[in-house]
Amino acid sequence: MPPKFRLDRTGVAEVLKSAEFAAHINTVARDVASKAGDNAEVQAYTTDRRAAAVSVPAEDQARGGALTRAAAAAGLEVRIR
């Protein structure tokens with residue numbers, strides 16, 4: 001029988017809101033942006049956790065998949081919803 005597992009939601013929330021997590025997320029976002037080209041922008045923000053968004057002009061994404069390719073090159077899993 002597999003061991004029981006209980007998710008510590010309070011602990012997970014604490015990690016997702018931490019400065020260390022934000023620093024890591026921002027580093028990954030900057031890495032993706034650097035691979036996406038000169039027109040890429042990074043925006044760090046906070047909701048119920050720390051987050052960052054990387055954006056490129058629509059034309060860059062439409063013509064060559066700049067953001068999709070950059071995310072994959074940074075080791076992120078890219079899926080279509």
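Here are the numbers:
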read-out: Cross-chain or 6+ apart pairs with Cβ under 6 Å, the stretch 64-81 first and under 15 Å from V28 (Cβ atoms), then outside any helix (DSSP H, G or I); value: L67/V56; A71/V78; A72/V78
read-out: Residues of the stretch 40-54 that turn out to be in contact with a strand residue (DSSP E or B) (Cβ under 8 Å, 6 or more places away or on another chain) and assigned to a strand (DSSP E or B), as a count; value: 10
read-out: Subset of the stretch 1-52 that is in contact (Cβ under 8 Å) with a residue 24 or more places away in the chain and of a type in the set (D, E) - its residue that is surrounded by the most Cβ atoms within 10 Å (Cβ to Cβ); value: D31
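Only the coordinates and a few stated rules stand behind these numbers; no lab work does. The shown structure was predicted, so the numbers you read here are calculated from the model rather than taken from an experiment. Ideal geometry is used to build each Cβ from the backbone, glycine not excepted, and the neighbour counts take in all protein chains shown.
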